[in-house]
1. Just need a number here: residues in segment 6-18 that are surrounded by fewer than 16 Cβ atoms within 10 Å (Cβ to Cβ) and among the aliphatic types (A, V, I, L, M).
2. Going through segment 19-45 one residue at a time, which ones are open to solvent by less than 40 Å² (accessible area, probe 1.4 Å) and among the β-branched types (Val, Ile, Thr)?
3. So which residues in segment 46-64 are open to solvent by 60 Å² or more (accessible area, probe 1.4 Å) and not in a strand (DSSP E or B)?
Amino acid sequence: LAGAVRTYLRRFGVKPCERVVVFASHDGAALTVEALHAAGVTVVAIVDPRENSSPAMIAAAEQA
């Protein structure tokens, strides 16, 4: 889950991988994308199946 990824990155300093696809079912995924970027992980794509993505998710996708 996204919260677990952030915990591994921030608390333990462990990158889960080098490249990742993020599936977003809520705006909290934007925080995970930001944390991944900060750790040097390449976000290949963000999949957001919601009809209207929030501005936070749009901004996170533009960074990917």
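The values are calculated or read from the model by the stated rules, or taken from the named source; none is laboratory data. Since we're looking at a predicted model, the values are computed, not measured. As a convention, Cβ positions derive from the backbone with ideal geometry for all residues, glycine included, and neighbour counts pool all protein chains shown. We work out accessible area using only protein heavy atoms, side chains counted, and drop any ligands, DNA or RNA first. Shrake-Rupley method; radii C 1.70, N 1.55, O 1.52, S 1.80 Å.
1. Final tally of qualifying residues: 1.
2. 20, 22, 32, 33, 41, 43, listed by residue number.
3. Listed by number, the residues that qualify are 49, 50, 51, 52, 55, 58, 62, 63.
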